Amino acid sequence: MADVTLMKTPAETALVQAFENARTMLPGNAESRAQAFEQFNARGLPHRRVEEFKYTDLRALLREVAPFAGVPTAEEAKAALGGSKAFANVAALQVPFVNGHFVREAVDFANLPEGIEIVPLREALASGHEWLAKLSPVPWASDNPVYQLNTSFMADGVMIRVAGSVETPVHLRFVTAAGSAVATATRVLVVVENDASVTLLESHESGDGANHQPNDVVEMIAGDRTNVQHVRLNAEGDKALALSTLAAKIGAEANFNSINVVAGSATSRHQVYAILNGENTNLRVNGATMLKGTQHSDSTLVVEHNALHCESRELFKTVIDNEATGVFQGKIIVPHHAQKTDGRMMSAALLLEEGGSMNNKPELEIFADDVQCAHGATCGQLDEDLLFYLMARGLPKKEAESLLVQAFLGESIEFVENEDAREALVATVEGWLKARS
Amino acid sequence: MPAVQETIDQVRSIDVDQYKYGFETEVEMEKSPKGLSEDVIRFISAKKGEPEWMLQWRLDAYKRWLTMKEPNWARVSYDKIDYNDIYYYAAPKMNPAPKSLDEVDPEILKTYEKLGIPLREQEILAGVEPQNRVAVDAVFDSVSVATTFKEELKKAGVIFMPISEAIREYPDLVKQYLGSVVPVTDNFFATLNSAVFTDGSFVYIPPGVRCPMELSTYFRINEKNTGQFERTLIIADKGSYVSYLEGCTAPKRDENQLHAAVVELIALDDAEIKYSTVQNWYPGDAEGRGGIYNFVTKRGDCRGKNSVITWTQVETGSAITWKYPSCILRGDNSRGEFYSIAVSNGMQQVDSGTKMIHLGKNTTSRIISKGIAAGKSENTYRGLVSAHRKATGARNFTNCDSLLIGNQCGAHTVPYIESKNATAVFEHEATTSKISEDQMFYCQQRGLSEEEATALIVNGFVKDVLQQLPMEFAVEAQKLISISLEGSVG
């Protein structure tokens with residue numbers, strides 16, 4: 001390999017300019033932002049020679065940087081939130097964002113469900129709130145360019161503290177207003193105290209046709225004996241380039257369940273960095289991705305077992321239609337001291353048509369000798385026998401395919417505990433299949 | 001589940017301090033000047049009596065190499081190699097070149113005797129059944145010292161000779177195929193090899209010929225401060241078959257020695273090549289002093305329809321292994337197979353695996369890899385399976401298991417699975433219970449436990465190939481097959 005110095009792309013130059021323009025206006029500690037941006041800028045946008053971005057070459061995919069979104073007016077916010085809505089059927093506490101800015105007026109702070117505290121991030125950054133100290137980069141994420149960009153540009157978000165058992169789900173609803181393309185950067189911190197439990201819904205919606213560029217980070221700190229159910233839905237418009245990160249630090253005897261469903265975006269990359277810090281914890285990270293046209297979607301996952309007797313299950317299902325590209329990169333890390341670990345990672349992809357591609361990279365990194373870790377990856381088309389079986393019973397081909405695809409993705413979705421949320425996801429899958437036929 | 005005792009004992013029996021081939025041979029050597037330069041390359045080329053085009057090929061490679069950077073993506077760490085502190089050519093002094101085995105330095109013959117490698121045809125004929133005969137090319141540092149059964153093979157039309165001889169005697173064949181699988185510019189170590197390779201074997205099997213005996217090359221590094229850069233080229237013409245074995249050992253030394261080989265296989269229509277390696281280079285001592293750096297580029301090209309290339313490797317030696325025997329499945333219906341057992345002990349670092357690149361229609365590949373890490377070693381499987389747009393009906397099955405013995409070592413798996421064709425079916429598994437439910441069911445029906453049935457099926461693939469290794473080469477290999485992977489972690 002010859003030594004190559006990469007020229008700065010127009011997008012990289014634009015990012016430098018955008019940061020110059022925004023730095024004085026962004027809330028909070030300017031120094032830590034500058035530091036994060038410097039770290040990012042030293043290497044620039046990741047490209048295919050950077051191992052973690054081998055299959056998602058942001059240098060090539062991010063050609064133009066959209067202008068960073070300003071704070072929407074009350075009317076604009078209202079109009080944006082008035083449209084169709086993900087998880088509409090779920091009775092949940094709404095925490096809405098428009099163009100990456102928290103819509104304070106939409107939350108009744110006086111009547112929050114018991115056990116929930118919410119602090120807007122913009123205010124917290126400006127006042128130097130004590131919880132900010134918890135916003136520490138998780139291992140593996142601190143060196144990540146997407147995370148660094150978010151740290152540099154994060155304009156708003158919320159910090160949520162959960163104590164006790166909270167019945168009402170919390171719905172973080174991110175909406176980008178229709179119209180011109182904007183870039184957004186939000187950061188959410190969720191602290192789940194010991195013995196607490198919460199269901200967290202997260203939806204990302206925007207209109208078709210605009211090159212929106214959201215970069216969202218959710219950091220979760222789940223204490224001992226906690227139960228966290230996290231359901232994320234990407235329903236971005238067909239031109240969006242969506243980058244997102246979930247970073248979770250999980251305590252002992254906890255139950256942590258996260259799923260990401262991708263039903264939108266031209267390009268998306270969801271990164272999960274989870275570290276299990278206490279014994280006997282169960283972690284499940286699932287994914288269900290539906291791709292068509294020339295969509296590109298990347299699921300990247302690093303799970304570190306940092307304590308004894310933990311169990312982790314990762315199941316990622318990808319359906320690829322037309323000429324779309326799916327990516328799965330998973331890694332389970334088991335250091336010397338994490339004996340009795342039980343880890344199982346599986347990625348399965350269905351290619352419905354000629355022209356699609358799938359890249360799988362399920363990695364294991366194991367240093368302990370008394371563990372069980374397995375990984376699997378499959379990729380292929382629909383089983384002819386199953387299709388034949390259904391068609392022999394009178395189903396037209398498209399319908400038979402739809403049924404099989406639904407069953408395929410269903411395996412991943414069925415782990416969503418909240419019934420209404422699960423139904424909403426199943427409806428999303430059905431909607432996708434309907435649009436296909 | 002931790003490893004079972006039997007496995008621990010077996011792995012212990014081949015631990016680094018049990019290395020049996022660490023003796024040194026005293027012979028007078030002739031060496032090139034130390035270091036690497038155009039002059040050294042000219043020196044090597046002149047020593048080999050090469051034609052001008054070959055020298056030019058080497059010099060081009062050298063110029064290219066100067067612009068390249070050593071790769072650092074593998075999961076191995078070592079002190080920087082000083083490429084100018086190595087002798088690129090070292091050969092036992094024998095002027096004039098020996099015409100028969102009787103003229104070869106008896107010390108060298110003794111070395112091979114000690115290693116258990118038969119060089120005298122009569123002895124082999126006297127002792128063993130004819131069908132078990134093996135033709136050997138013995139490479140000692142930078143030169144081939146003897147090649148057996150050359151005449152008999154020639155009768156069958158098979159060309160088996162040191163590559164330096166082939167360059168002189170069959171320049172057209174060499175010119176046509178050399179560098180056609182591993183291009184000069186392929187990677188840092190392959191380019192270095194292209195510039196300075198000294199010896200290795202050349203095999204050509206004519207159309208329709210089934211090679212009448214096993215072919216093998218035995219590589220021995222002996223001299224201090226040298227590197228071994230061998231180059232092997234095997235061409236199986238239409239409808240032919242050849243099985244080739246490679247063995248290697250080196251003396252115990254505190255210094256690290258470099259071994260950067262290139263192996264190219266070409267299988268034309270309906271041809272089959274089986275390539276087996278028993279790699280037992282000196283692994284260094286328990287503290288990680290010394291040992292061979294084994295940076296090898298091995299690649300097979302299934303160029304013709306219905307061709308088959310099988311790589312089998314038993315890796316127990318080397319301080320560092322960086323090696324990915326690969327198959328380019330270009331011909332329709334071609335098949336690539338990779339069977340590997342890599343055992344690392346002491347401070348050894350292994351980063352090995354394979355690449356199966358499906359280009360043609362209905363191509364199939366199978367990967368079975370077992371990694372066993374003990375002591376303070378690191379054992380990484382790194383593999384690529386890819387199907388290109390036109391690889392309709394491509395099929396791959398991968399199974400890679402690793403086992404750790406003790407908690408000072410590491411076992412890692414880095415598989416890349418890339419599919420650009422909807423009809424390609426790839427399965428990658430580490431969960432042995434899912435091998436084939438039918439087979440499992442069949443075995444379990446007959447009273448085998450799940451573990452036994454799994455072992456039977458997984459070992460069945462490997463055994464099939466490994467049992468064909470001649471005993472002289474693979475006492476260890478035979479032992480290793482029986483190692484249970486009970487307690488393996490995917």
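Where a number appears in this text, it was derived from the coordinates with a stated rule and is not lab data. Bear in mind the structure is a predicted one, so any value in this text is a computation, not a measurement. Ideal geometry is used to build each Cβ from the backbone, glycine not excepted, and the neighbour counts take in all protein chains shown.
Okay, here's what the table says:
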| item | result |
| --- | --- |
| Neighbour-count ranking [beta-carbon atoms within 10 angstrom, fewest first] of A:Met7, A:Met391, A:Met345 | A:Met7, A:Met391, A:Met345 |
| Projected area, mean over directions - region A:358-435, Cα convex hull, nm² | 8.1 nm² |
| Alpha-carbon centroid distance for the pair region A:86-154 / region B:1-59, whole angstrom | 60 Å |
| Cα-centred dipole magnitude for region B:343-407, charges only on beta-carbon of K, R (+1) and D, E (-1), debye, nearest 20 | 460 debye |
| All aspartates and glutamates inside 16 Å of B:Lys154 as judged from Cα atoms, apart from same-chain residues fewer than 8 positions distant | B:Glu121, B:Asp137, B:Glu165, B:Glu169, B:Glu214, B:Asp237 |
| Ellipticity estimate at 222 nm from DSSP helix runs (n ≥ 4, -39,500 (n - 2.57)) divided over chain A, nearest 500 | -7000 deg cm²/dmol |
| Cα gyration tensor shape of region A:17-87, rounded if a/c is under 1.5, else prolate or oblate by comparing a/b with b/c | oblate |
| Translational D in µm²/s for region A:228-360 (Stokes-Einstein at 20 °C, 1.002 mPa s, Kirkwood Rh from C-alpha pairs) | 142 µm²/s |
| Pairwise centroid distance, computed over Cα atoms, of region B:385-424 with region A:230-265, Å | 26 Å |
| In Hz, Karplus ³J(HN,Hα) per residue of region B:227-243 (6.51, -1.76, 1.60; θ = phi - 60°; x = Gly, Pro) | x, 10, 10, 9, 9, 10, 9, 10, 10, 10, 6, 2, x, 9, 9, 8, 10 |
| Positive-end extreme of charge dipole, chain A - chosen from A:Val426, A:Leu135, A:Gly179 (charges on Cβ) | A:Gly179 |
| Assigned charges on the beta-carbon of Lys, Arg, Asp, Glu; chain A dipole about Cα centre (debye) | 840 debye |
| Shape of region B:2-484, Cα gyration tensor, a/c cut at 1.5 | rounded |
| For chain A, convex hull of alpha carbons as volume per residue, Å³ | 150 Å³ |
| Cross-link pairs beyond the 31 Å C-alpha cut-off, checked among B:Lys155/B:Lys252; B:Lys150/B:Lys370; A:Lys434/B:Lys420; B:Lys47/B:Lys305 | B:Lys155/B:Lys252; B:Lys150/B:Lys370; B:Lys47/B:Lys305 |
| Helix B:38-47 vs. chain B, principal-axis angle (Cα, 0 to 90°, nearest 10) | 80 degrees |
| Under 12 Å from the Cα of A:Lys134 - aspartates and glutamates, other chains or at least 8 residues apart | A:Glu219 |
| Prolate/oblate/rounded label for region A:31-171 (Cα gyration tensor, a/c 1.5) | prolate |
| Rounded tilt (10° steps) of B:450-466 against the dominant C-alpha axis of chain B | 20 degrees |
| Point-to-point label distance, A:Glu64-B:Gln176, nm (Cα→Cβ direction, 7 Å offset) | 5.5 nm |
| Computed helical MRE - 222 nm, chain B, DSSP H runs ≥ 4 contributing -39500 (n - 2.57), nearest 500 | -6500 deg cm²/dmol |
| Simple label model, 7 Å out from Cα along Cβ direction - A:Ala88 to B:Ala156, nm | 7.6 nm |
| Relative contact order [Cα under 8 Å, 6+ residues apart], chain A, whole percent | 10 percent |
| Set of aspartates and glutamates with alpha-carbon distance to B:Lys80 below 14 Å, sequence-local pairs under 8 removed | B:Glu70, B:Glu255 |
| Inter-label distance for A:Glu38 and B:Ala46, nm, one decimal - labels placed 7 Å from Cα along Cα-to-Cβ | 5.7 nm |
| Considering only the protein assembly as shown, percent of DSSP beta bridges that pair antiparallel, nearest 5 | 10 percent |
| Tail weight of P(r) past 42 Å, computed on alpha-carbon pairs of the protein assembly as shown, percent | 41 percent |
| Spatial separation of Cα centroids for region B:156-199 and region B:359-376, in angstrom | 27 Å |
| Computed E for B:Lys110/A:Lys134 - FRET, C-beta separation, R0 45 angstrom, nearest 0.05 | 0.05 |
